[in-house]
Amino acid sequence: QVQLVESGGGLVQAGGSLRLSCAASGRIFRGNIMGWYRQAPGKQRELVATMTSGGSTRYADYVRGRFTISRDNAKNAATLQMNSLEPEDTAVYYCTVRQGDDDYWGQGTPVTVSS
């Protein structure tokens, strides 16, 4: 099993920045993919960004250029730097790890962007 704990969410004004952190523990294997998804009220969960252990990244169009994902393989940790936040970014943000066919999710951290 893998446990994920997110932190760093909160309330910010439009145009501001937040940095989310994710700490993974448990049976962590090499070659996994760490990432962030989000779910806004009344909407489906959607991709934000992912990063392989080799450093390849994938971003959703609506965050590209504003958000940056990074990870520390030695610490099994990932971060999401979010700049130029918009009210539409308001959501619960979830850290995820994919290992083989298994997906693990954190409890989520809420982000609220006020206009």
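Here are some notes:
- Percent accessible area from carbon and sulfur atoms, the chain, protein chains only, probe 1.4 Å: 46 percent
- Within the assembled protein chains, the solvent-accessible surface assigned to Leu4 is about 10 Å², based on a 1.4 Å probe.
- Chymotrypsin sites (Phe, Trp or Tyr not before Pro) within the stretch 1-73, DSSP loop, no more than 16 other Cβ atoms inside 10 Å: Phe29, Tyr62
- A viscosity of 1.002 mPa s and a temperature of 20 °C, combined with the Kirkwood radius over Cα pairs in Stokes-Einstein, give a translational diffusion coefficient for the chain of 153 µm²/s.
- Pairwise label distance in nanometres, Gln44 with Phe29, each label 7 Å out on the Cα-Cβ vector: 2.8 nm
- Note that the stretch 6-55 presents 56 Å² accessible area per residue, ligands and nucleic acids not counted, probe 1.4 Å.
- Computed from the Cβ-Cβ distance with R0 of 22 Å, the FRET efficiency linking Ala60 to Gln107 stands at 0.55.
- Dipole moment magnitude, nearest 20 debye, the chain about Cα centre, only Lys, Arg, Asp, Glu C-beta charged: 260 debye
- Note on the stretch 7-60 and the stretch 90-115: Cα centroid distance 6 Å, given to the nearest whole angstrom.
- Order of exposure, largest accessible area first, which applies to Arg58, Arg98, Arg45, Arg30 with probe 1.4 Å: Arg30, Arg58, Arg98, Arg45
The values are calculated or read from the model by the stated rules, or taken from the named source; none is laboratory data. Since the structure is predicted, the reported quantities are computational estimates derived from the model, not experimental observations. Because the Cβ atoms are built from the backbone with ideal geometry, glycine has one as well, and the counts that use them run over all protein chains shown. All accessible areas refer to the heavy atoms of the entire protein, side chains included, with ligands and DNA or RNA removed. Shrake-Rupley method; radii C 1.70, N 1.55, O 1.52, S 1.80 Å.
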